[in-house]
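The values are calculated or read from the model by the stated rules, or taken from the named source; none is laboratory data. Just so you know, these numbers come straight off a predicted model, no measurement behind them. Don't worry about glycine lacking a Cβ; one is built from the backbone with ideal geometry, like all the others, and counts go over all protein chains shown.
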Amino acid sequence: MSANNKYSVGCLLCAAVVLAALAMPVRAQVLGAHPAAAAAAAIAVARPPLPSPACGGPAGLARFTQPLRHTARRLAGGGPLVIVAIGSSSTAGAGASSPAASYPSRLAEELKQRFPGRDITVLNRGVNGEQTDQMLARFETDVIAAHPDLVLWQVGTNSVLRDHPLRPHAALLREGIEQLKEAGADVVLMDMQYVPKVLTKPETEGMEDQIAFAAKQENVDLFGRFALMRNWHEVRHMPFDAFVAPDQLHMNDWSYACLAKLLAAAISEAATRPIASARTAH
């Protein structure tokens, strides 16, 4: 291409850019928007939002070591299934856009999809800021009174955030598990969230070990939320802001939904496991 032709093409491109820039204020006035807002809207239309990452986690996370016998009997008998989710703010749904986006709400939907036509209720008994002793104080009224077949107990985070010693917490944890078992419910512990504000605390590793040890000693199941979220960050290389709320502590809509999906898979498998397989899980 000759220099004159290159110059002509360049001028045409420049003219097109100038005309577009001149036209933008006119379009903005027609739409009742500021030119800068119109430009931002144009960019937003041109760049669709990135798709959410696929929900996934470590292999084996969606399978509990213990069968959920009470839950299995309820499902086999065709009666209504009652699940109580007790915990602190990450059970209540802090960080979610609405109560419907909390993990207990999402879990109810996931289970109803897996067991269509069944009467399944998931009661959210999460209270912001609560610690283990405060949860225990309301077990009788908020948990046992509902006659649950399954109790999901999210625990540990606030004790770590407030730098409380681990030894007293271990005794409370065992006491709570015993109460729930005596009430005739299956028990699943849920450990802490893998988030920046928890990771800075010196007792985080000790609390994780304590919760896992309690589950093993008491023969109840553990849903490893900490391992799940660590996998998202360290293995799948997801940035924290993809699954953690802006406060750097709570989960967001995507992570609550993914947690509920994997938890529903684990509950479903453990409650429908063949008896021979269930016996070997002990």
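Side notes on the structure shown:
- Taking region 46-71 as the range and being at pLDDT 80 or above and part of a helix (DSSP H, G or I) as the test, the residues that pass are ARG69, HIS70, THR71.
- Single match in GLU178, GLU208, GLU203 (criterion: surrounded by fewer than 17 Cβ atoms within 10 Å (Cβ to Cβ) and either closer than 24 Å to ALA72 by Cα or acidic (Asp, Glu) (or both)): GLU178
- Taken over region 97-129, the residue count meeting the criterion of being part of a loop (DSSP other than H, G, I, E, B), surrounded by fewer than 23 Cβ atoms within 10 Å (Cβ to Cβ) and in contact with a strand residue (DSSP E or B) (Cβ under 9 Å, 6 or more places away or on another chain) is 4.
- For region 165-187, a residue qualifies if it is part of a helix (DSSP H, G or I) and over 25 Å from ALA145 (Cα atoms), and the qualifying residues are LEU166, ARG167, PRO168.
- Test result for GLN217, of a type outside the set (Val, Ile, Thr) and either buried (at least 19 other Cβ atoms within 10 Å of the Cβ) or farther than 22 Å from VAL143 by Cβ (or both): no
- Test: GLY79 is in a loop (DSSP other than H, G, I, E, B), at pLDDT 80 or above and either in contact with a Phe, Trp or Tyr (Cβ under 9 Å, 6 or more places away or on another chain) or not assigned by TED's automatic domain parsing to the domain that holds ARG273 (or both): no
- Matching helices (runs of 4 or more DSSP H) fully within region 188-280 where at least 1 residues are modelled with pLDDT of 95 or more: 196-199, 204-217, 225-230, 253-271
- Residue in region 154-164 that is assigned by TED's automatic domain parsing to the domain that holds PRO104, within 18 Å of MET192 (Cα to Cα) and in a strand (DSSP E or B) present: yes
- Residue in region 108-116 that is over 20 Å from GLY224 (Cβ atoms) and aliphatic (A, V, I, L, M) present: yes
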